[in-house]
Amino acid sequence: MPPLPSLHLRRFLLRSFSFLSSSPTPLLPKLPSPTLSSPHLLTPPSIFPPTTLYFSSQTRPADPDPITLSLSSSLLNDPANSDPVSVSKRLHLSFSHITPTSDLVLQTLHLSPEAGRTVLGFHQWLLSNPKFTYTDETLSHFVYYFGRRKDFKATHDLLSADAARKVAGPVTLAAAIDRIVRAGKPVRAVQFFEKMERDYNLKRDRDSMKLVVEKLCEKGFASHAERMVKDLAKEFFPDQRTCDLLIKGWCINGKLEEARRLAGDIYRGGFELGVDAYNAMLDCVCKLCREKDPFRLHSEAEKVLVEMESYGVPRNVETFNVLITNLCKIRKTEDALKLFHRMGEWGCYPNETTFLVLIRSLYQAARLEEGDEMIDRMRSSGFGEALDKKAYYQFLKILCGIERIDHALSVFSKMKADGCEPGVITYDLLMGKLGAHNRVEKANALFKEAESRGVPVTMKEYAVDPQYLKKAKAVKGEKKRETLPEKMARKRRRMKQIRLSYVKKPKRLMGGRAG
């Protein structure tokens with residue numbers, strides 16, 4: 001239906017809201033086991049006992065830049081003395097010959113999580129360095145650093161400086177709002193938006209308001225986001241995207257009743273909801289059904305789809321992805337496949353998410369050939385780039401979890417054929433499962449392959465599943481001479497068996513012979 005004039009919606013948003021519900025609420029030990037040893041890993045076979053298996057499992061991080069290490073060491077040298085001026089002077093004496101870059105700043109901060117407010121001296125040294133170009137991105141690195149430490153007083157001091165006010169922009173704003181919301185401080189996030197133009201020279205407009213609303217809704221603070229939008233309706237009139245974000249925020253919290261209430265208010269105000277809002281409500285309905293009554297998932301999802309059609313909101317690929325994902329989570333793989341084959345009836349075509357969800361579900365259901373065919377179909381549909389190292393690792397993890405190690409090795413070969421370089425975690429997964437299956441030779445082959453590829457493997461011991469251990473054959477002892485009591489007992493048992501097996505024959509019937 002066409003939207004009402006904007007004046008009606010403006011009056012609707014500015015008056016006091018009476019919250020009415022538009023619809024009834026829908027449905028809401030690892031056992032000790034012996035270990036097996038690899039016969040030829042780094043040591044002679046005679047050194048290890050025959051029940052110990054050693055492989056690699058830990059990732060060795062790349063060596064950082066020496067200058068970055070020196071800067072980090074200088075910041076961590078005396079964290080108690082956090083006076084910015086003294087720290088800046090010390091860095092100026094030791095590192096006046098280098099040209100700082102944004103990447104160097106980021107790496108230094110990552111290596112100095114315990115430096116605390118000593119980093120303010122590092123920031124002051126960068127400002128005093130004529131070779132350094134101070135940008136919005138560089139400032140955001142420091143905002144993220146102090147935000148992770150929840151030191152918002154230091155963030156305020158940093159953003160209030162004149163140098164920061166000159167370069168602060170959308171990247172810094174996104175970093176500040178993200179860290180405040182992640183710290184669980186929605187009220188502070190709203191207050192930051194209200195005073196950021198005056199205090200930090202950050203532009204306060206519709207886009208920045210959407211950013212704050214989006215961050216609040218992503219973390220489940222939909223009530224604060226909705227109140228913020230209503231309070232700022234005179235200054236920044238909300239659009240469809242803002243309404244969709246609010247609906248999505250309530251659905252992330254599982255508050256379907258609140259989402260429907262807000263949807264009713266939006267429609268009465270003259271707005272129309274987009275497909276993103278309905279997809280969020282559909283996902284929320286499916287999650288509630290999975291938790292309370294999976295058998296009602298079809299019927300409750302159908303109600304949302306019918307409501308979408310009644311308001312003229314077309315389905316898109318994300319609508320089908322929500323349905324297929326939730327069906328796969330309740331092990332309705334066959335229903336998910338039927339829905340997958342019917343997507344074309346609504347003019348929708350699968351994307352990489354659709355294929356990946358179905359492949360994982362098929363492997364989980366031990367439908368291995370169909371899973372391989374879906375991988376080939378995904379590649380032929382033009383989504384081969386999505387088959388990256390992470391996707392293949394998920395496939396391997398599922399196959400190893402259902403004890404299909406041979407097929408996992410086959411998928412591992414496909415992974416390498418597609419140009420994905422396996423890392424330490426992938427090799428560790430396969431070698432651990434091979435060790436549990438008591439297949440030492442194949443595990444050793446993977447270990448050597450990892451070393452030949454330059455993968456930094458280290459030693460580790462894996463437990464062997466008892467069901468795959470070779471049972472030792474019982475050695476028969478020499479036959480002992482039977483004693484007299486044993487001989488008499490054996491004879492008694494034999495005589496009892498003979499008596500019990502005796503069957504009395506019937507007498508021949510009396511009668512004359514034929515003459």
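The values are calculated or read from the model by the stated rules, or taken from the named source; none is laboratory data. The structure presented is a predicted model; accordingly, all values stated were derived computationally and were not measured. Virtual Cβ from ideal backbone geometry, glycine too; neighbours counted across all protein chains shown. The area values use the complete protein model at the heavy-atom level, side chains included, leaving out ligands, DNA and RNA. Shrake-Rupley method; radii C 1.70, N 1.55, O 1.52, S 1.80 Å.
Summarising the amide proton neighbourhood of Glu461: residues at separation of 5 or more, or on other chains, whose placed amide H is nearer than 5 Å comprise Phe55.
For the range 396-448 and the range 220-241, write down the distance between their C-alpha centroids in whole Å. Using only Cα atoms, the two centres lie 50 Å from each other. FRET efficiency for the Glu441 to Val317 pair, using the beta carbon distance and R₀ = 35 Å, is estimated at 0.15. Summed over the residues of the range 101-259 and divided among them, the accessible surface reaches 44 Å² per residue at a probe radius of 1.4 Å. Pairs from the list Lys89/Lys150; Lys210/Lys287; Lys166/Lys389; Lys338/Lys389; Lys195/Lys287; Lys203/Lys329 with a Cα-Cα gap above 32 Å: Lys166/Lys389; Lys195/Lys287; Lys203/Lys329.
Just the protein heavy atoms count here, and of the accessible area of the range 322-453 at 1.4 Å, carbon and sulfur take up 48 percent.
Taking 0.36 nm per residue of separation and subtracting the current Cα-Cα distance, fully stretching the chain between Glu291 and Thr135 would add 51.4 nm. Accessible area per residue for the range 293-441 is 47 Å², calculated with a 1.4 Å probe on protein heavy atoms, without ligands, DNA or RNA. Computed from backbone phi with θ = phi - 60° and the Karplus coefficients 6.51, -1.76 and 1.60, the 3J(HN,Hα) list for the range 155-166 is 4, 5, 4, 5, 6, 7, 5, 4, 5, 5, 4, 6 Hz; x is used for glycine and proline.
For the pair Asp83 and Lys471, a Förster radius of 60 Å applied to the C-beta separation gives a FRET efficiency near 0.30, rounded to the nearest 0.05.
Modelled spin-label separation between Lys234 and Lys416, with each label point placed 7 Å from Cα along the Cα-to-Cβ direction: 6.9 nm. Averaging Cα coordinates gives a centre for the range 259-283 and one for the range 128-180; these two points are 36 Å apart.
If we sort 355-364, 450-459, 147-156, 322-331 on the protection proxy, mean other Cβ atoms within 10 Å, highest first, what's the order?
355-364, 322-331, 147-156, 450-459
For the pair Lys397 and Arg188, the difference between a 0.36 nm per residue extended length and the Cα-Cα distance amounts to 71.1 nm.
Inter-label distance, Arg206 to Phe95: 4.3 nm, where each label sits 7 Å from its Cα along the C-beta direction. Packing here is the average count of other Cβ atoms within 10 Å per residue, and on that basis the peptides 120-130, 276-286, highest first, run 276-286, 120-130. Leaving ligands, DNA and RNA out of it, report the carbon-plus-sulfur percent of the accessible area of the range 87-166 at a 1.4 Å probe. Here carbon and sulfur together make up 53 percent of the probe-accessible area. The GluC sites (Glu not before Pro) of the range 182-235 that meet both conditions, a loop assignment by DSSP and at most 12 other Cβ atoms within 10 Å of the site Cβ, are Glu235. Residues Lys471, Lys234, Lys185, Lys397, sorted by accessible area with the largest first, give Lys471, Lys234, Lys397, Lys185 [1.4 Å probe; ligands and nucleic acids excluded].
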